[in-house]
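One structure is given here, and the rest of the page talks about it.
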Amino acid sequence: MFDPKALLEQFLGGGTNPDGSKKPVSPDLMKGLAGGAIAGGLAGLLLGGKSKKLASGALKLGSTAALAGLAYKVYTEWQASKQEPAADASVQPMKDVTPSPVFLPQGGKARDDMSLAVLRAMIAAAKADGHIDAAEQQKIFGKLDEMELGVEDKAFVMDELKKPLDIDAVVAAATSPELAVEIYAASVLAIDPDDPAEQAYLAMLASRLKLDPGLRASIEAEAAKAMA
């Protein structure tokens, strides 16, 4: 049976926190999102050489929670900054970025919809520069066969890889401002920031998602810190 939530965890290379606990996702632990996690997951397979930019040796954690925590942190701090007087620079970084249920639904259709939206966004971003051509697809399909994935999970990934790049579908999945932030954050993590074609894709995606320029910059800055 196809389980979007479980596939997203495998896609990001996630699982449980190092000690098996469900402690809050701290800024330091969040580095696991772009460290050993993504590089070792299905995303590392799809990103090919791009995965070299990801830090190694970082802590592994439930990476879906880390992504949601990143989006929650950025969105909440951006909202708070808009409410502060322009001259007040006293906004302090959040110490506990445990994502709210809006960013990380606990289960049911809402969790499946969020997982599918993020999966499709990352695969679309990985295809933005034409890196995944027909030959690369066959190589990926061969590696997918070696992984412990269900038939329906493999079929989903293969179908998404074969589809033409469709930014409309990515944008349509952003049914709330919070999910738009999460989709954009996932897309930023799945591209090479130095590639002009991928920069153009991100610019178009941000515009189509109607992200405030300041919010977009904050998402990119937080993603860059996670990959440092």
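What follows is calculated from the coordinates using simple rules that are stated; it is not laboratory data. Keep in mind that what you see is a predicted model, and the values were worked out from it rather than measured. All Cβ positions, even for glycine, are placed from backbone atoms using ideal geometry, and neighbour counts span all protein chains on display.
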For the modelled label position 7 Å from the Cα of Met1 along Cα-to-Cβ, which residues of the range 152-185 have backbone nitrogen atoms closer than 11 Å? none
Please give the contour-minus-distance gain from Ala110 to Ala169: 0.36 nm per residue of separation, less the Cα-Cα distance, rounded to one decimal in nm. 19.5 nm
Listed here are the pairs Lys73/Lys225; Lys82/Lys109; Lys5/Lys154; which of them are more than 24 Å apart at the Cα? Lys82/Lys109
Check: C-alpha center the range 117-158 vs C-alpha center the range 165-228, spacing in Å is 20
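Taking 35 Å as R0, compute the FRET efficiency from the Cβ-Cβ separation of Asp133 and Gln83 and round it to 0.05.
Between Asp133 and Gln83 the formula returns 0.15.
In the calculated pair distance distribution of the range 130-214, what percentage of Cα-Cα distances lie above 20 Å? Kindly include the intermediate steps, with their values, before the conclusion.
Details: 1650 of 3570 pairs.
Above the 20 Å cut-off, the range 130-214 has 46 percent of its Cα pairs.
Quick one: grab the alpha carbon gyration tensor of the range 132-178, order the square roots of its eigenvalues as a ≥ b ≥ c, and give me rounded if a/c is under 1.5, else prolate or oblate depending on whether a/b is larger than b/c.
Cα axes put the range 132-178 in the oblate bin.
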